[in-house]
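Undergrad: Dropping the structure in here first, questions after.
The values are calculated or read from the model by the stated rules, or taken from the named source; none is laboratory data. Being a predicted model, the structure only gives us computed values, none of them experimental. Cβ sites come from the backbone with ideal geometry, for glycine too, and all protein chains shown count toward neighbours.
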Amino acid sequence: MARDQVDLTPIEGRDDLVNWIAQGVKPKSQFRIGTEHEKFAFTLEGHRPVPYEGNRGIRALLEGMQHLLGWQPIMEGPHIIGLFDVTGGGAISLEPGGQFELSGAQVETVHQTTSELMAHLAQVREVAAPLRIGFLGIGMTPSWSRADMPKMPKGRYKIMTAYMPKVGTYGLDMMYRTCTVQTNLDFSSEADMVKKLRVSLALQPVATALFANSPFTEGKPNGFLSFRSEIWRDTDNARAGMLPWAFEPGMGFERWVDYALGVPMYFVKRGDAYVDAAGQSFRDLLAGKLPALPGERAMISDWANHISSIFPEVRLKRYLEMRGADSGPLPNLLALSAFWAGILYDDVSLDAAWDLVKGWTADERQKLRDDVPKQALAAKIRSRTVFELATDTLKLARAGLTRRKHLDIGGRDETRYLEVLEDRLARGTTAAQELLEKYHGPWGGSVDPIYAEDAY
């Protein structure tokens, strides 16, 4: 999650909300790629979650990163809860259970994403080594229970923790026990946004299957390949899902604003305080009638924070966020950005992708979404398997990246970042299935070796 916004501009009405999103429109020459990834911190001794406090805790890790990078601390009361680069680089933030997140800078190429992520992981290792902390990239913690998870000192999470059990079964698991990797991409017009949103929503289950990497819960196989994706099916359905209305005539910035206005709020931030507005309506805040803050009017930062608490498979802010993938090892993180940039940033590939999905109905898209967490590449839509769709879409991504012609210092283009996915498809498998093979084979029915073999 990005850090909370500070923009005290008052909102006069719905048009201001629409205009805020419309300000994301950019010429193609300014298109950028943003990559965010979360990872679990674990103690090298005993492979336990890392608490916030203590001389080997998350706070110590953040303070060490601050000294190393010179980034500005993000404070909540006396607590350091993140860091940001004032020069416009990235930001480091904490998820509710201490998952350590890098929100990367907006960069032009996947090569730059690679440099950023490799530098970040090296920096984190340098600070974490004396603290005896390791990091694991996976969609769901393989061994820890809900009760095991520490709580980070963030006001918004306290409110969400109280609210989640009222609106779904898995909300607390989503908050405390999952990790994702996300790619953020731009649009050049309202129509371009709509086309990219539709294509990426329809294909998000394909990405979920390609990046499936959460087959264990509390030390045992959970029956799914992406249990993180299954968790989202029953977290808070008022703010999650496949957005069938986005495929209807009249879709645009205004339609998104109306959807977001209908999503219940979590909180309003005033100064450093979080005011619990869980379940209340942003429309009431606009009208100065919010029960939690009677007489108070909405500000732009309220809107930005509210938008950030909506969790569909693809989220529109001032850019589009691809939200369907499990976290994983470094090659997976890079492959996600390459996959989506290759499809969405090349007009020929984008058109071809739209041709692939435009005939699907809302019910068909939903069934695919429902089947993928368990079946991954074996799931079907209209008699075609996700394996076949993944093969087709990877070809589109490769062609799009080839046409982008962004070469690294060695003269290689961005297609090399797709090779990890192409290799898996050649074997007909996913990261999750490979983990299960180890569990049932050399790991002898234990998930513990994952902390040595799969750590960053």
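Undergrad: Test GLY171 against the stated conditions and say whether it is closer than 24 Å to HIS37 by Cβ and in contact with a Cys (Cβ under 9 Å, 6 or more places away or on another chain).
TA: Judged against the criteria, GLY171 is not a match.
Undergrad: Taking the residues in segment 240-277 that are assigned to a loop (DSSP other than H, G, I, E, B) and surrounded by fewer than 19 Cβ atoms within 10 Å (Cβ to Cβ) as candidates, determine which candidate is nearest to the chain's Cα centre (by Cα).
TA: Across segment 240-277, the extreme among qualifying residues is PRO264.
Undergrad: Quick one: which of SER214, SER229 is in contact with a Ser or Thr (Cβ under 8 Å, 6 or more places away or on another chain), of a type in the set (Gly, Ala, Ser) and closer than 12 Å to GLU313 by Cβ? So that I can check it myself, show each step before the final result.
TA: Working: SER214 fails: closer than 12 Å to GLU313 by Cβ.
None of the other options fit; the residue is SER229.
Undergrad: Taking PHE42 and the conditions (1) in contact (Cβ under 8 Å) with a residue 60 or more places away in the chain; (2) surrounded by fewer than 12 Cβ atoms within 10 Å (Cβ to Cβ); (3) more than 23 Å from ARG270 (Cβ to Cβ), which numbered condition does it fall short on, given that it satisfies the others?
TA: For PHE42, the exception is condition (2).
Undergrad: Please go through segment 144-166 and pick out each residue that is part of a helix (DSSP H, G or I) and surrounded by fewer than 17 Cβ atoms within 10 Å (Cβ to Cβ).
TA: ARG146, ALA147, ASP148, LYS158, THR161, ALA162, PRO165, LYS166, listed by residue number.
Undergrad: Is at least one residue of segment 388-404 among the polar types (S, T, N, Q), in contact with a Ser or Thr (Cβ under 9 Å, 6 or more places away or on another chain) and under 21 Å from GLY137 (Cα atoms)?
TA: no
Rundown of residues vs (1) hydrophobic (A, V, I, L, M, F, W, C); (2) touching a helix residue (DSSP H, G or I) at 6+ places or on another chain (Cβ under 6 Å), yes/no style:
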residue	(1), (2)
ALA362	yes, yes
ARG424	no, no
ARG427	no, no
ALA431	yes, no
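Undergrad: A further question follows. What residue, of LEU407, LEU377, is of a type in the set (A, V, I, L, M, F, W, C) and farther than 10 Å from VAL206 by Cβ?
TA: LEU407
Undergrad: Give just the number: which of (1) of a type in the set (D, E, K, R); (2) in contact with a strand residue (DSSP E or B) (Cβ under 9 Å, 6 or more places away or on another chain); (3) in contact (Cβ under 8 Å) with a residue 12 or more places away in the chain does ARG315 not satisfy?
TA: The number of the failed condition is (3).
Undergrad: Another one. Mind counting the residues in segment 176-196 that are in a helix (DSSP H, G or I), surrounded by fewer than 23 Cβ atoms within 10 Å (Cβ to Cβ) and not charged (D, E, K, R)?
TA: 2
Undergrad: Let me ask something else. Scanning segment 119-133 for residues that are within 14 Å of ALA455 (Cα to Cα), assigned to a helix (DSSP H, G or I) and touching a residue at least 60 places away in the same chain (Cβ under 8 Å), which turns out nearest to the chain's Cα centre (by Cα)?
TA: LEU121
Undergrad: Next question, about the same structure. Could you look through segment 436-456, keep only residues that are among the charged types (D, E, K, R) and free of Cβ contacts under 8 Å to residues at least 60 places away in the same chain, and pick out the one that is surrounded by the most Cβ atoms within 10 Å (Cβ to Cβ)?
TA: Only one residue tops the list, namely LYS438.
Undergrad: Please give the number of the condition GLY155 fails out of (1) out of contact with any helix residue (DSSP H, G or I) (no Cβ under 8 Å at 6 or more places or on another chain); (2) farther than 22 Å from HIS79 by Cα; (3) in contact (Cβ under 8 Å) with a residue 40 or more places away in the chain; (4) of a type outside the set (D, E, K, R).
TA: (2)
Undergrad: Got a sec? Which of LEU261, LEU286 is over 30 Å from LYS28 (Cβ atoms), touching a residue at least 24 places away in the same chain (Cβ under 8 Å) and touching a Lys or Arg at 6+ places or on another chain (Cβ under 7 Å)? If you could, list the steps in order and put the result at the bottom.
TA: Working: LEU286 fails: touching a Lys or Arg at 6+ places or on another chain (Cβ under 7 Å).
Matching residue, one of LEU261, LEU286: LEU261.
Undergrad: Out of all the residues in segment 129-149, is one or more out of contact with any helix residue (DSSP H, G or I) (no Cβ under 6 Å at 6 or more places or on another chain), more than 30 Å from LEU344 (Cβ to Cβ) and of a type in the set (S, T, N, Q)?
TA: yes
Undergrad: Where in segment 335-434 are there helices (runs of 4 or more DSSP H), lying wholly inside it, with at least 2 residues that are more than 21 Å from VAL314 (Cα to Cα) and among the aliphatic types (A, V, I, L, M)?
TA: 386-404, 419-427
Undergrad: Right, another one. Name the one entry in ILE81, ILE92 that is of a type in the set (A, V, I, L, M, F, W, C), modelled with pLDDT of 95 or more, buried (at least 19 other Cβ atoms within 10 Å of the Cβ) and in contact with a His (Cβ under 9 Å, 6 or more places away or on another chain).
TA: Among ILE81, ILE92, only ILE92 is of a type in the set (A, V, I, L, M, F, W, C), modelled with pLDDT of 95 or more, buried (at least 19 other Cβ atoms within 10 Å of the Cβ) and in contact with a His (Cβ under 9 Å, 6 or more places away or on another chain).
Residue-by-condition table, conditions (1) closer than 23 Å to VAL275 by Cα; (2) outside any loop (DSSP other than H, G, I, E, B):
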position: VAL6; (1), (2): yes, no
position: GLU12; (1), (2): yes, no
position: VAL18; (1), (2): no, yes
position: ILE21; (1), (2): no, yes
position: LYS26; (1), (2): no, no
position: THR35; (1), (2): no, yes
position: ALA41; (1), (2): no, yes
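Undergrad: For segment 435-456, which residues satisfy the criterion of being within 24 Å of the chain's Cα centre (by Cα), in a helix (DSSP H, G or I) and among the aromatic types (Phe, Trp, Tyr)?
TA: Correct list: TYR451 only.
Undergrad: If you take the residues in segment 107-142 that are surrounded by fewer than 20 Cβ atoms within 10 Å (Cβ to Cβ) and among the small types (Gly, Ala, Ser), which one is farthest from ALA325 (Cα to Cα)?
TA: Ranking the candidates gives ALA129 first.
Undergrad: Restricted to segment 134-143, and to residues that are in a loop (DSSP other than H, G, I, E, B) and of a type outside the set (Ser, Thr, Tyr), which residue is farthest from the chain's Cα centre (by Cα)?
TA: The first filter runs over segment 134-143 and keeps only residues in a loop (DSSP other than H, G, I, E, B), leaving 137-139, 141-143.
This time we only want the ones that are of a type outside the set (Ser, Thr, Tyr), so: 137-139, 142.
Working: GLY137: 13, ILE138: 13, GLY139: 11, PRO142: 19 Å.
Looking at the filtered set, the residue picked out is PRO142.
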